[in-house]
Amino acid sequence: MSAPLDETPKTAAVAPAVPVRARSAAGSRKWLALLWLLPFAALFIVFQIAPLVWIALNSLNTPDGWGFAHFQKIFSSKFYLQSIKHSLQIAFWSSLFGMLIAIFGSYSLRQVDSRLRDFVMAFSNMTSNFAGVPLAFAFIILLGFNGALTILLKQAGIIEDFNLYSKTGLIVLYTYFQIPLGVLLLYPAFDALRQDWRESAALLGAGTWQFWRHIGLPVLTPALLGTFVILLANALGAYATVYYLTTGNFNVMPIRIAGLVAGDISLDPNLASALSMVLVGLMAVITLAHQLLLRRSYHAAR
């Protein structure tokens, strides 16, 4: 006699249905979020996208019609090529020096008393906005040809001569206002370094250099690259400080753009638009290189 068959009906597991009211509430929240996003999108288009499109169109508008004559003039002129070269050199070296000082400063702030740390962070926040006419005036008093610090350094025999209004002087000036911004950007990045990682590395026999090479620097690489790009953009677009320091006589891109827009002799807004697009292109290349390096460091970490 065969065993009785189990005739109990079997039902498949069914996921609990989402209530219609919950789905409608989630949908309404989504549309409400999009509605609140509209003012920001409108402001972004009006103040970011529209001016960029207007500059791009004007850069192609020549007396003979539409074309690349303005760009040909820029890249065939030693004067404008010199402005691009000076801007890149000042931006690169000031960003590099400012970031190096900010790295050591941010790491040191982690090791000091909280009151001193709060004071330094507040001071960095204040000095990061100290630019333009006040900063140029302060450096003229300190490091000008007859500046107080310049005279003291000459009397001490440390320096023979220092020209604040040269490329070297501008690198020193730019580095000054790069440091506070670099500290503000890099200080939170050190939260990613956990103390137990250092202790574990020490237990496994790793020294300080090995810890920073294999653990510390790879973890901080995205923050370091991002900070460097922001500092580059900050230096490339700086105008007020260098203008009031050199009265517009030093050849950098922001000075040339302003001279072409508001100058009394060489007034050419369309050429200024082309030079602005060159500046935008430089930043785009730097940002693209930053993204490629981030992807490479991410894949290497995995």
* Asked: How big is the accessible area of Arg117 in square angstrom, nearest 10, if you roll a 1.4 angstrom probe over the protein chains?
  -> 50 Å²
* Structure fact -> Measuring from the longest principal axis of the C-alpha atoms of the chain, the long axis of helix 217-236 (C-alpha) lies at a number of degrees, nearest 10, equal to 40 degrees
* Using unit Cβ charges (K, R positive; D, E negative) and no other charged atoms, how large, in debye to the nearest 20, is the dipole of the stretch 65-300 about its Cα centre? -> 420 debye
* **Selection from Ser76, Val261, Leu193 lying farthest towards where the dipole of the chain points positive, charges on Cβ** => Leu193
* Asked: With N residues in the stretch 175-293, what two-decimal value do you get for its Cα radius of gyration over 2.2 N^0.38 Å?
  -> 1.53
* **List Ser166, Ser200, ordered by accessible area with a 1.4 Å probe, largest first** => Ser200, Ser166
* Could you state how much accessible area Ile141 has, in square angstrom rounded to the nearest 10, with a 1.4 Å probe and all protein chains kept in place? => 80 Å²
* Per-residue HN-Hα couplings for the stretch 31-44, Karplus 6.51 cos²θ - 1.76 cosθ + 1.60 at θ = phi - 60°, whole Hz, x for Gly and Pro? -> 5, 5, 5, 5, 5, 5, 7, 4, x, 5, 4, 5, 5, 5
* Debye log10 I(q)/I(0) for the chain, one point scatterer per Cα, at q = 0.12 Å⁻¹ -> -1.03
* To do: Determine how large the accessible area of Glu199 is when every protein chain is in place; take a 1.4 Å probe and give Å² rounded to the nearest 10.
  => 100 Å²
* **Peptides ranked, highest mean first, by Cβ atoms within 10 Å: ranges 249-256, 179-186** => 179-186, 249-256
* Structure fact -> The long-range amide H neighbours of Thr62, using H built 1.01 Å from N in the peptide plane and a cut-off of under 5 Å, are Gly67
* To do: List every residue whose amide H lies under 5 Å from the amide H of Gly132, counting only residues 5 or more places away in sequence or on a different chain, with H placed 1.01 Å from N in the peptide plane.
  => Thr241
* **Using alpha-carbon coordinates, inclination of helix 269-301 to the longest axis of the chain, degrees** => 40 degrees
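What length, rounded to one decimal in nm, is gained on full extension from Asp113 through to Ala258, with 0.36 nm per residue of separation minus their alpha-carbon distance?
Contour length minus the Cα-Cα distance gives 47.6 nm.
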* Asked: Quick one: accessible area per residue over the chain, 1.4 Å probe, rounded to a whole number of Å²?
  -> 66 Å²
* the stretch 94-142 - percent of accessible surface contributed by carbon and sulfur, probe 1.4 Å -> 72 percent
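The values are calculated or read from the model by the stated rules, or taken from the named source; none is laboratory data. Please read these numbers as outputs of a predicted model, since none were measured by experiment. Neighbour counts are summed over all protein chains in view; Cβ atoms, including those assigned to glycine, are modelled from backbone coordinates with ideal geometry. When the accessible area is computed, the model is the full protein with side chains, heavy atoms only, and any ligands, DNA or RNA have been set aside. Shrake-Rupley method; radii C 1.70, N 1.55, O 1.52, S 1.80 Å.
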